[in-house]
Amino acid sequence: MFEFFNPYKIFRINSTLQKIIFFCFIIVLSVGLVEALFLSPEDYLQKDSVRIMYVHVPAAWISLGIFSTIALLSFSVFIFKNKNLILISKSLAPSGILFTLIALVTGSIWGKPTWGTWWAWDARITSMLILFILYTLYLLSFRIFEDQDKSNKISSIIAIFGAINIPIIKFSVDWWNTLHQPASISLTEKSAIHTSMLIPLIIMTAAFALFSVLIFLMKYNTELIKIKNKGLKRL
């Protein structure tokens, strides 16, 4: 059932995919930056500082989506015992931790003019910091433990238990009094954000998603090369 995830089949098409995705990423990012920096209006309260949203929000969305995917794949590892799922999860993590860091940094930059401080131990901010720590622990587990089966098991456990933090991040603004405003975009209700701001936000999210896929493909190729080299050394 995992024939589709055969690593050697994916390796053969990765080079072509990387070129296509990189080309699409440049186009979408260019359009998104023009929309975000020049065509979208300034906020009536936050003025031009609101433009940080077009980097901060997509980065946060992508980081949450990637960790959720890693947690799901890690759970599947215990069920199906397929080690390639670990390889996919491990290859997703670098872009996940990168976008989490971007979300934290841009959030801090946005917070200074908006809240008057670079950092506050707000529920949303703190839970995002915990997400960054979870990503770090997940990646470190592959380096700390030499035994591959042990590192695979520990990294999967970190991802599965770390998934508890995802709904905490999502609903922290509803459960506690926080500096963050409630969500402006909803799939079930009418979005509070105007179309002139929503469109560049969606375009920048698409650009970041393409970039994360590009990093994933590059990392996946690297991991496959490592496996191949290990096999040759044993021979």
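The values are calculated or read from the model by the stated rules, or taken from the named source; none is laboratory data. Keep in mind the model is a prediction, meaning the values are calculated, not measured. When we count neighbours, we look across all protein chains shown, and the Cβ atoms used for this are built from the backbone with ideal geometry, even at glycine.
Among the criteria (1) under 25 Å from Asn82 (Cβ atoms); (2) among the hydrophobic types (A, V, I, L, M, F, W, C); (3) surrounded by fewer than 17 Cβ atoms within 10 Å (Cβ to Cβ), the one Leu134 does not fulfil is (3).
The single condition among (1) assigned to a helix (DSSP H, G or I); (2) under 24 Å from Trp176 (Cβ atoms); (3) modelled with pLDDT under 95 that Leu87 does not meet is (2).
In segment 40-53, the residues that are under 14 Å from Lys112 (Cα atoms) and touching a residue at least 60 places away in the same chain (Cβ under 8 Å) form Cβ pairs under 8 Å with partners that are part of a helix (DSSP H, G or I) and of a type in the set (Phe, Trp, Tyr), at six or more places apart or across chains, as follows: Ser49/Trp110; Met53/Trp110. Of everything in segment 103-123 that is in contact with a Leu (Cβ under 8 Å, 6 or more places away or on another chain) and assigned to a helix (DSSP H, G or I), the residue that is nearest to Val57 (Cα to Cα) is Leu104.
On the stretch given as segment 79-102, residues that are of a type outside the set (A, V, I, L, M, F, W, C), in contact (Cβ under 8 Å) with a residue 12 or more places away in the chain and either more than 18 Å from Trp61 (Cβ to Cβ) or touching a strand residue (DSSP E or B) at 6+ places or on another chain (Cβ under 7 Å) (or both) total 6. Scanning segment 109-122 for residues that are farther than 14 Å from Met53 by Cβ, of a type outside the set (Lys, Arg) and surrounded by fewer than 19 Cβ atoms within 10 Å (Cβ to Cβ) turns up Trp115, Gly116, Thr117, Trp118, Trp119, Ala120, Trp121. Here Thr126 fulfils each of the conditions (1) touching a Phe, Trp or Tyr at 6+ places or on another chain (Cβ under 9 Å); (2) at pLDDT below 95 apart from (1).
Of Ile125, Ile88, Ile52, Ile79, all but one fail to be surrounded by fewer than 18 Cβ atoms within 10 Å (Cβ to Cβ) and of a type in the set (Val, Ile, Thr); the exception is Ile79.
If the condition is being modelled with pLDDT under 90, closer than 22 Å to Tyr220 by Cβ and either outside any helix (DSSP H, G or I) or of a type in the set (Lys, Arg) (or both), then segment 12-43 contributes only Arg12. Put simply, of Leu217, Leu179, Leu187, Leu198 the only residue that is within 22 Å of Ser68 (Cβ to Cβ), surrounded by fewer than 17 Cβ atoms within 10 Å (Cβ to Cβ), modelled with pLDDT under 95 and among the hydrophobic types (A, V, I, L, M, F, W, C) is Leu187. Each residue in segment 134-183 was checked for being of a type in the set (Phe, Trp, Tyr) and either in a loop (DSSP other than H, G, I, E, B) or touching a strand residue (DSSP E or B) at 6+ places or on another chain (Cβ under 9 Å) (or both), and 2 pass.
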